[in-house]
1. Below 8 Å between Cα atoms, with a sequence gap of 6+, how large is the relative contact order for the chain in percent?
2. Would any residue of region 91-124 have its amide N under 19 Å from a label point 7 Å out along Cα→Cβ of E153? List them or say none.
3. For the pairs K154/K231; K73/K345; K231/K288; K142/K233; K225/K291; K142/K271, note any where the Cα-Cα span goes beyond 30 Å.
4. Starting from the Cα of K112, draw a straight line to each of the lysines and keep only those under 16 Å, dropping any in the same chain fewer than 8 residues away.
5. Compute the distance in nm between two label points, each set 7 Å from the Cα along the Cα-to-Cβ direction, one at K222 and one at A189.
6. Ordered by packing density, taken as the mean number of other Cβ atoms within 10 Å over each peptide's residues, highest first, how do 25-34, 312-321 rank?
7. At most 16 other Cβ atoms within 10 Å and a DSSP loop assignment: could you name the GluC sites (Glu not before Pro) in region 146-250 that fit?
8. What's the center-to-center distance, using Cα atoms, between region 135-167 and region 258-310 in Å?
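No value in this document is a laboratory result; all are computed from the given coordinates. Just so you know, these numbers come straight off a predicted model, no measurement behind them. Neighbour counts are summed over all protein chains in view; Cβ atoms, including those assigned to glycine, are modelled from backbone coordinates with ideal geometry.
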Amino acid sequence: MPSKTSSKTKISTETTLSKNDVEAIDELRQAYAEIKSELGKIIIGQEEAIERMFLCMLSQGHALLMGVPGLAKTLLVNSISQTTALSFGRIQFTPDLMPSDVTGTEILQNKKDGDGREFVFIKGPIFANVILADEINRTPPKTQSALLEAMQEKRVTVAGTNHQLQEPFFVLATQNPIEQEGTYPLPEAQLDRFMFLIRMDYPSRDEEISIARQTTTGTLPKLKKIISGKKLKDFQQLVERVPVPDHVHELAVDLVRRTRPNSDESPAWLKKWVQWGAGPRAVQYLVKGAKARAVLEGNYMTSMEDVEQVADPVLFHRILTNFHARSEGITSTEVVQRLIEDARKEQR
């Protein structure tokens with residue numbers, strides 16, 4: 001594996017970034033540090049989840065947060081929207097929620113001049129910059145599908161009319177991994193729309209002591225707005241311009257192709273454990289996520305290490321293990337890690 005680029009060799013003749021882009025990367029890193037500082041006033045720990053959510057936002061992707069109740073999933077999403085000065089909409093998914101409760105609906109009302117009546121579109125909660133889809137697996141697939149067009153096309157269609165959503169636009173959904181009664185597992189097409197699956201775990205003992213001290217003494221502090229929606233859009237466009245060497249593109253493609261058990265390129269051990277692998281969208285998200293991570297690390301070119309670091313949240317929910325793997329306690333994370341190890345050996 002090539003070593004990580006040193007600070008003295010960050011800018012090379014291969015990079016296409018301008019001087020303004022280099023300065024913008026430094027500005028982005030400073031803004032991210034301030035956002036983490038603000039979030040630290042409310043959110044104790046969960047640094048990995050915060051970083052991955054921000055990577056999704058920079059990559060114009062969506063995230064699915066998975067964790068047991070009480071880990072501040074909802075609070076984290078709300079807090080991030082506050083620090084980025086974005087409008088926030090929360091949708092509490094329930095079994096009786098209808099698609100129109102998400103997208104909005106047309107109603108018949110009197111015209112302003114009183115001459116007859118007309119249909120008027122009433123926007124639903126999805127018309128915001130940051131959408132919290134709380135407990136998304138508690139609603140039937142019919143309602144879950146109301147998000148599909150919005151997540152992919154950034155628009156909704158009601159009564160044959162397209163309505164464009166505000167940009168930047170992110171769906172940050174939460175899901176409880178342990179409570180299965182009364183839930184509807186997300187179909188693969190819906191899962192594939194999420195760039196990252198972010199797993200949130202219990203805090204450490206010291207973090208839990210801090211939670212007990214800081215969150216039981218009164219109201220939560222108001223967070224400062226660090227960046228505007230326009231500035232976030234500028235940062236997104238900046239990430240798109242980050243160069244990716246050919247060998248990094250090849251690594252992303254090889255990792256994804258090897259997750260497919262029916263492929264001649266997949267290793268024999270994977271064929272025993274995996275029922276279904278990742279599709280081409282995973283390649284796009286690996287590259288986008290790696291570019292965003294490179295920027296946050298202060299580098300001006302994407303490296304293989306960046307791809308490796310985003311591989312698990314991108315591939316975890318796109319790899320379906322079979323009964324043989326589950327009986328041996330093999331998870332998608334272990335499959336991804338072994339694929340990365342195989343790729344490292346080939347580079348030596």
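1. Working: 561 pairs, mean separation 79.2, N = 348.
After rounding, I find 23 percent.
2. 99-106, 121-124
3. Values: K154/K231 19 Å; K73/K345 37 Å; K231/K288 19 Å; K142/K233 32 Å; K225/K291 25 Å; K142/K271 33 Å.
Those over the limit are K73/K345; K142/K233; K142/K271.
4. Answer for K112, where 16 Å is the Cα cut-off: none of the lysines qualify.
5. 4.5 nm
6. Working: 25-34: 16.0, 312-321: 21.7.
Result, highest mean Cβ count within 10 Å first: 312-321, 25-34.
7. Numbers: sites: E149, E153, E179, E181, E188, E207, E208, E240, E250; in loops: E179, E181.
Here the GluC sites (Glu not before Pro) that fit, given the DSSP loop and packing criteria, are E179, E181.
8. 27 Å
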